[in-house]
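Have a look at the structure below before the remarks.
The values are calculated or read from the model by the stated rules, or taken from the named source; none is laboratory data. In this text the structure is predicted, and so the values were computed from the model without any measurement. Here the Cβ is made from the backbone with ideal geometry for all residues, glycine too, and neighbour counts use every protein chain on show. We work out accessible area using only protein heavy atoms, side chains counted, and drop any ligands, DNA or RNA first. Shrake-Rupley method; radii C 1.70, N 1.55, O 1.52, S 1.80 Å.
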Amino acid sequence: MPTSFILDTDIGTDVDDALALAFALRHPDLDLRAVTTVSGDTVRRARIAKKLLLLGGRPDIEVAAGERGEQSQPQRNPEAGHEDEMLGEVTGDLPLSGRDAVTLLLDECEAHACEVATVGMQSNIAAALGRDASFAQTLPRLAVMGGVFAPVDFLGVTLPPSIDHNLNVDQPASLRALSAGIPTLYVPGDVTMGTWLTASHLEQLRKGDALCRELAREIDIWTVRLHASARGLVPPEYVALLHDPLTVACMVDAGRRFVTSQTVRVTVAMHHGHVRTFIDPAAGHEAEIITSVDAPAFAEFWLATVLG
């Protein structure tokens, strides 16, 4: 039976959210019930998601705008300035849900035992817990793109754990959501920072259907920002990281073929001004963490799934 889940996303900044959404639409083991958006201009993010769903032939999937969230550190702006460009040209309506994201999460998880994949900030999850503390028992699993449990090797450069953007934009939300005892799967930055989509993959997307071509257009926009921010570190053939697609893929057995994992106890806490994830056998909550990935094989799997 397909895994029913809700994608909670800050789609529209890094292109990997759109790549995760496309994968969720195309993989037969995933039943995407709804999309909720988080952080910054959540209505614009919801419109981006709805556009992709329409191009993917799924107008039935509900999209709800959610919490703007806190910006805990001045340097961690949840938006980068190109989000309107990511939305692009719109012809026709992009109808959004009459429910806000928090209401949708509470209603759907209770009614249908949906899992949730958070591939952005934890603001919606924290708000849901604030509205109804029993959400921690209702939600069967939370798949989190975030956390750091090992050294982060980024193209031969070791990055600090504070590179974890998702958990540090809205720090109070992360602390609340990830300390509530919800069964959690972490797909951490120390693993995802090696998962690349290449220029060759991009050219194959350009030859695909309307959804694939839209993904290619958004990748083109993001790649310019990626290479500019990396200041020459990222080779030209690398066009995007697959943080969020890997998170969604790890929710089903087909995606587990490319990863290893372990079950540990995890504590989420502030450390030197940043939200950090720690393996804590004494006081942590039990969680599963992804520990490695066959990145080239996963990229091929993602592409084959989205191309159909």
Q: Please work out which residue is farthest from the chain's Cα centre (by Cα), limiting yourself to the range 143-170 and to residues that are open to solvent by 40 Å² or more (accessible area, probe 1.4 Å) and within 13 Å of Gln75 (Cα to Cα).
A: Ile163
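Being within 18 Å of the chain's Cα centre (by Cα) and either of a type outside the set (Asp, Glu) or buried (at least 19 other Cβ atoms within 10 Å of the Cβ) (or both): is that true of Thr198 here? Explain how you work it out, then say what you get.
Values: within 18 Å of the chain's Cα centre (by Cα): no; either of a type outside the set (Asp, Glu) or buried (at least 19 other Cβ atoms within 10 Å of the Cβ) (or both): yes.
When the stated conditions are applied, Thr198 does not pass them.
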Q. Which of the residues that make up the range 32-50 are among the hydrophobic types (A, V, I, L, M, F, W, C) and open to solvent by 10 Å² or more (accessible area, probe 1.4 Å)?
A. Val43
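Residue check: is Asp294 open to solvent by less than 10 Å² (accessible area, probe 1.4 Å), within 20 Å of the chain's Cα centre (by Cα) and of a type in the set (D, E, K, R)? Step through it out loud before you land on a result.
Working: open to solvent by less than 10 Å² (accessible area, probe 1.4 Å): no; within 20 Å of the chain's Cα centre (by Cα): yes; of a type in the set (D, E, K, R): yes.
No; evaluated as a whole, the condition is false for this residue.
Yes/no matrix, rows are residues, columns are (1) farther than 20 Å from Ile6 by Cβ; (2) among the acidic types (Asp, Glu); (3) part of a helix (DSSP H, G or I):
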residue: Leu19; (1), (2), (3): no, no, yes
residue: Thr36; (1), (2), (3): no, no, no
residue: Gly40; (1), (2), (3): no, no, no
residue: Ala46; (1), (2), (3): no, no, yes
residue: Arg68; (1), (2), (3): no, no, no
residue: Ser72; (1), (2), (3): yes, no, no
residue: Met86; (1), (2), (3): yes, no, yes
residue: Thr103; (1), (2), (3): no, no, yes
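Give me the residue from the range 231-254 that is of a type in the set (Gly, Ala, Ser) and part of a helix (DSSP H, G or I) and, out of that set, nearest to Leu53 (Cα to Cα). Talk me through it step by step, then tell me what you get.
We begin by selecting, within the range 231-254, every residue of a type in the set (Gly, Ala, Ser); these are 232, 240, 249, 254.
Of the ones still in play, those that are also part of a helix (DSSP H, G or I) are 249, 254.
Details: Ala249: 18, Ala254: 22 Å.
By that ranking, first place goes to Ala249.
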Q. Taking the range 273-290 only, how many residues are in contact with a helix residue (DSSP H, G or I) (Cβ under 8 Å, 6 or more places away or on another chain) and either open to solvent by 60 Å² or more (accessible area, probe 1.4 Å) or hydrophobic (A, V, I, L, M, F, W, C) (or both)?
A. 2
Q. In the range 90-119, how many residues are at pLDDT 95 or above, exposed (fewer than 14 other Cβ atoms within 10 Å of the Cβ) and within 18 Å of Asp41 (Cβ to Cβ)?
A. 1
Q: Could you please give the count of residues in the range 207-230 that are in a helix (DSSP H, G or I), surrounded by fewer than 19 Cβ atoms within 10 Å (Cβ to Cβ) and touching a residue at least 60 places away in the same chain (Cβ under 8 Å)?
A: 4
**Q.** Residue among Val268, Val248, Val306 that is open to solvent by less than 20 Å² (accessible area, probe 1.4 Å), under 18 Å from Val152 (Cβ atoms) and at pLDDT 95 or above
**A.** Val268
Q. Among (1) within 22 Å of Thr260 (Cβ to Cβ); (2) among the acidic types (Asp, Glu); (3) open to solvent by less than 10 Å² (accessible area, probe 1.4 Å), where does Asp190 come up short?
A. (3)
